[in-house]
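These notes are about the structure you will find just below.
The values are calculated or read from the model by the stated rules, or taken from the named source; none is laboratory data. Because the structure is predicted, anything quoted here is derived from the model rather than measured. Don't worry about glycine lacking a Cβ; one is built from the backbone with ideal geometry, like all the others, and counts go over all protein chains shown.
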Amino acid sequence: MSRLTEPAILDGDDIDAASINDRYTQFSQPGALNAFNTRDGAFDLPHFKRGNDAWLAPDLYETTMGWNLWKHSSYHTRIGQTTGAAPYTVLDSVGATDVLDFGPLGVVVAPTDILRVYWDLSVRARWEGTRPWTGGALTFTVLHSGGGGSSAISNGYGCWAFWLEWDITDNTLSNFVEVPGQGDFNTVVTGSRGGNALTNCGSTSITPAIIEGADIVEDGRVNGSVLVYETGWSSVDGAWHYIPTGGTTTTVYGVRVVYSGPFGAHNGGGVNYLVRNDAVADDARLDQQAGQISALHMRLG
Amino acid sequence: MSYTPPYTVADGTVLTSAQLEGNSQALRIYLHRGVASSDFENTPWIQTRHVQAPVYEPYSGMQHGVTGYQGGNWAGGTNIRLQFATKFLSGNGRTTSTEFHPAPQTAIELAFRQDAKVLFHYWWELENGRDVSTASYQAPASPAGTTAGRRVYVVPYTGAGFNSGTAYNNRSRCQETRNAGDGVTIGYPIGTRRPYVMTGGYGAKQGTFARDVTGPLVTTFGLSIHSLTDRCGVVNWGIALEAYYF
């Protein structure tokens, strides 16, 4: 506490050397200026050094990604993938992979920091052939259709998945791996089909691969025809954050969005999974257009 | 270093006015520009009460303080603010049109006092169509099932001064939803034949727009729409912004 406690000089007081010296030396209080010397509301924006002082939000990165033709006059088309495949990356107009590059020094995420990532991407899921999703498994169910018949119909789980990878090796951006909490969907779950437990889908977003219903549905029975609608162009978006654990510091040189499909839902041993539908992958298509990805590096404490 | 009086008075010596004034002058200099970091208590001591309290602007839903802006606005609250998107404001559904129009009330204007890192968040939930009008300059409406080309696009809008000096619809950040594949019937029983979620006409989207802002700057953030359908109901929407001065 830094306070001046010397009383004022009053009539009748002696003026001697000690008294005069004390009135000056009381200002000599190193390491003592603190809250008691600062009035309420003393600090406002003009007092803070101008410019980005890298204190609360040290780093902000953003970029568009994909092929920016929003009317969809041209786009990239990807064929469905089977277990073991490396995921597709988001391609720009000339077919190069888009990455959110954090620069030569990367972003240093300390244990007291958070890295927040947001992205969106316009895509269109579609199929070759006639209702191929009713082959294989995972993406359809069979309902009674009256008269002893049955009808295979989408169960609503058919999808393409999108997730994040990062490069924490160096700024060559050639060592991308899945971000923490995210798997690559290639761990065999059932039969020979790879997938992730949902607990290992930390950065995953999905877009439906099928829009299908049925007419005249009653008491669990399909009495009318199956109705198939184009999924059409739509957008998928995602958000993810990272806080280093165990007191470690992580240097991140870049992040990127990757995707694969088709997937369906699976439950085994009480665990819910997103699993590849290898049997019909060759008929699945995903058209990829454009979007954006941004990252904000902030202090938590 | 902390203040040290240049002259120390000793008993029995003459004290001159210059010596006294010298000490006072040194003290003035110290208080004006001589306080060093070593003079401050070496533990965090600035309390929240020492910092100017942020100002809350209730209509825009924004809070502005020394760290920047935080807050947002949404379709709910005491007044439901359902919005519509229609092709009649953006080219009548012509496939050649590239017109966008701002979605009413979905924008906020902010005054950045200095350089800031800005993260604009937005989301919306819409039911698009169903539009099966037959003008030939539009995306096909027949045969049935081919209306997916009639889309509604929503993009983040940024005001003047933010992008090369002009207001800008950030078309590279389009997010779209297709026309409903089936719709409302006028035959008995009148009503929705199938829900939007079942026929592709339902869109729940969210996006962000991040940018370093050079201040001071007064600008706007909001949503703009390009519609290829005659009627699209934006049943819910929200915008929020976080901006950091340092």
_Yes/no for A:Val275 being buried (at least 20 other Cβ atoms within 10 Å of the Cβ), at pLDDT 95 or above and within 28 Å of B:Leu119 (Cβ to Cβ)_ = no
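Residue-by-condition table, conditions (1) more than 18 Å from B:Glu109 (Cα to Cα); (2) crowded, with 17+ Cβ neighbours inside 10 Å:
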position	(1), (2)
B:Pro5	yes, yes
B:Gly12	yes, no
B:Thr16	yes, no
B:Ile29	yes, no
B:Gly34	yes, no
B:Ser37	yes, no
B:Pro54	no, no
B:Gly76	yes, no
_Filter result (closer than 24 Å to B:Gln138 by Cα and within 10 Å of another protein chain (Cβ to nearest Cβ)) within region B:203-227_ = B:Gly203, B:His226
*Using the structure shown, decide if A:Leu10 is facing another protein chain (nearest Cβ under 7 Å) and free of Cβ contacts under 8 Å to residues at least 60 places away in the same chain.*
no
_Suppose we filter region A:18-69 for residues that are at the interface with another protein chain (Cβ under 7 Å from one of its Cβ atoms) and either of a type outside the set (Gly, Ala, Ser) or assigned to a helix (DSSP H, G or I) (or both); how many remain?_
25
*For B:Thr4, all conditions in the list (1) more than 7 Å from chain A (Cβ to nearest Cβ); (2) farther than 30 Å from A:Met298 by Cα; (3) not in a helix (DSSP H, G or I) hold save one; what is the number of the exception?*
(1)
_Out of the residues in region B:228-246 meeting the condition of being of a type outside the set (Gly, Ala, Ser) and over 21 Å from B:Thr86 (Cβ atoms), tell me which one is farthest from the other protein chains (Cβ to nearest Cβ)._
B:Leu241
*Taking region A:108-138 as the search range and keeping residues that are of a type in the set (A, V, I, L, M), in contact with a Pro (Cβ under 8 Å, 6 or more places away or on another chain) and part of a strand (DSSP E or B), which one is surrounded by the most Cβ atoms within 10 Å (Cβ to Cβ)?*
A:Ala125
*All but one of (1) part of a strand (DSSP E or B); (2) polar (S, T, N, Q); (3) surrounded by fewer than 15 Cβ atoms within 10 Å (Cβ to Cβ) hold for A:Ser73, so report the exception by its number.*
(1)
